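Asker: If you scroll down you'll find the structure; I have some questions about it.
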Amino acid sequence: MNKIAVYPGSFDPITKGHMDIINRAVFLFDKVIIGVLNNSSKKYWFSLEERVEMIKKIIPTEYKNKIEVKGFRGLLIDFMRNNDASIIIRGLRAVSDYEYELQLALTNKKLADGDIDTIFLPASRETLYLSSSIVKELAMYGGRLEDFVDNAIIEIIKNKVRKVEEVNDEKSKNICSR
Ligand code: PNS
């Protein structure tokens, strides 16, 4: 039987921490589907299409037949059922992640009547501190991004910063001219 796992997340944007989990998960399952959440009540920097494209850009070519990238809305377990997946992969960094992750894992298991389970992979030492929020903050203040995200998406992130700054400038001009 094919073991299909889903690695869900916002990936706003994908970091080297996410890639570390993906690169290890491909050896544990027959197929890994990266499920990119689009939650309409959440504010993302990048659109769903942009987040999916960035991930596709940096997946190592040798894994392309084992990894799929798909967007989803709504409940994770519905997305899993639609994709015949039975395992959720989540990365764990500090102890502070654990409480929320346990809540998610137990809720998903209950919702799926026990048919779906979560496997936690510990973050590697090199990426233990890393998050998409840290990457966005660094990018906003012009920090070096090379250690935190793949080189192939750095320009995309920098362009987004320019756009965010343009929008903010426009907003403050409008406030000033009132
Ligand atoms: O990268 P994130 O934002 O920490 O990922 C959170 C994610 C996508 C795993 C979680 O928010 C999720 O699964 N959302 C979909 C809605 C859902 O099924 N929630 C769990 C039951 S309440």
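The values are calculated or read from the model by the stated rules, or taken from the named source; none is laboratory data. Quantities reported herein were computed from a predicted structural model and do not represent experimental measurements. Ideal geometry is used to build each Cβ from the backbone, glycine not excepted, and the neighbour counts take in all protein chains shown. Ligands, DNA and RNA are stripped out before the accessible areas are found, and what is left, the full protein with its side chains, is counted by its heavy atoms. Shrake-Rupley method; radii C 1.70, N 1.55, O 1.52, S 1.80 Å.
Asker: Hey, any idea what the orientation-averaged projected area of the convex hull of the stretch 26-117's Cα atoms comes to, in nm²?
Answerer: 7.0 nm²
Asker: Taking the Cα centre of the chain as the origin and placing charges on Cβ (Lys, Arg +1; Asp, Glu -1), which of Leu48, Ser172, Ala94 is farthest toward the positive end of the dipole?
Answerer: Ser172
Asker: While we're looking at this one, here's another question. Any idea how far apart Gln103 and Met1 come out in nm if each label point goes 7 Å out from Cα toward Cβ?
Answerer: 3.1 nm
Asker: In the stretch 2-110, what is the count of Lys pairs whose alpha carbons are under 20 Å apart, counting only pairs at least 8 residues apart or on separate chains?
Answerer: Counting lysine pairs in the stretch 2-110 gives 22.
Asker: According to a simple spin-label model (label point 7 Å from Cα along Cα-to-Cβ), what is the distance in nm between Leu121 and Tyr141?
Answerer: Using points 7 Å along Cα→Cβ, the separation is 3.0 nm.
Asker: Of Tyr63, Ser132, Pro8, which is farthest along the charge dipole of the chain in the positive direction, counting Lys and Arg as +1 and Asp and Glu as -1 at C-beta?
Answerer: My answer, from the dipole projection, is Ser132.
Asker: Below 8 Å, C-alpha to C-alpha, sequence gap of six or more: please give me the relative contact order for the stretch 11-68 in percent.
Answerer: Rounded, it is 51 percent for the stretch 11-68.
Asker: A follow-up question, please. Using only the Cα atoms of the stretch 80-134, what semi-axes does the equivalent ellipsoid have when each is the square root of 5 times a gyration tensor eigenvalue? Give whole Å, largest first.
Answerer: Its equivalent ellipsoid spans semi-axes of 24, 12, 9 Å.
Asker: Any idea what the dipole of the chain comes to, in debye rounded to 20, about its Cα centre with Lys/Arg Cβ at +1 and Asp/Glu Cβ at -1?
Answerer: The calculated dipole for the chain is roughly 300 debye.
Asker: In addition: Determine how many Å³ per residue the convex hull of the Cα atoms of the chain encloses.
Answerer: 135 Å³
Asker: For the stretch 35-51, list residues with backbone N below 19 Å from a point placed 7 Å from the Cα of Asn168 toward its Cβ?
Answerer: Residues 43-47 qualify, since their backbone N sits under 19 Å from the label point.
Asker: Summarise the accessible area of the chain (1.4 Å probe, protein heavy atoms) by the percent that is carbon and sulfur.
Answerer: 52 percent
Asker: Please state the Cα pair-distance histogram of the stretch 89-178 with 5 angstrom bins from zero: what percent is in each bin?
Answerer: For the stretch 89-178, the pair-distance distribution reads 2, 11, 15, 13, 12, 12, 12, 10, 7, 4, 2, 0.
Asker: How large is the helix-only mean residue ellipticity at 222 nm for the chain, computed as the sum of -39500 (n - 2.57) over DSSP H runs with n ≥ 4, divided by its residue count, in deg cm²/dmol to the nearest 500?
Answerer: Here the helix-only value at 222 nm equals -13500 deg cm²/dmol.
Asker: Could I ask something else about it? Determine which residues of the stretch 61-99 fall in the zone a paramagnetic label at Ser131 would reach in this model, i.e. backbone nitrogen under 19 Å from the point 7 Å along Cα→Cβ.
Answerer: Those under the cut-off are 90-99.
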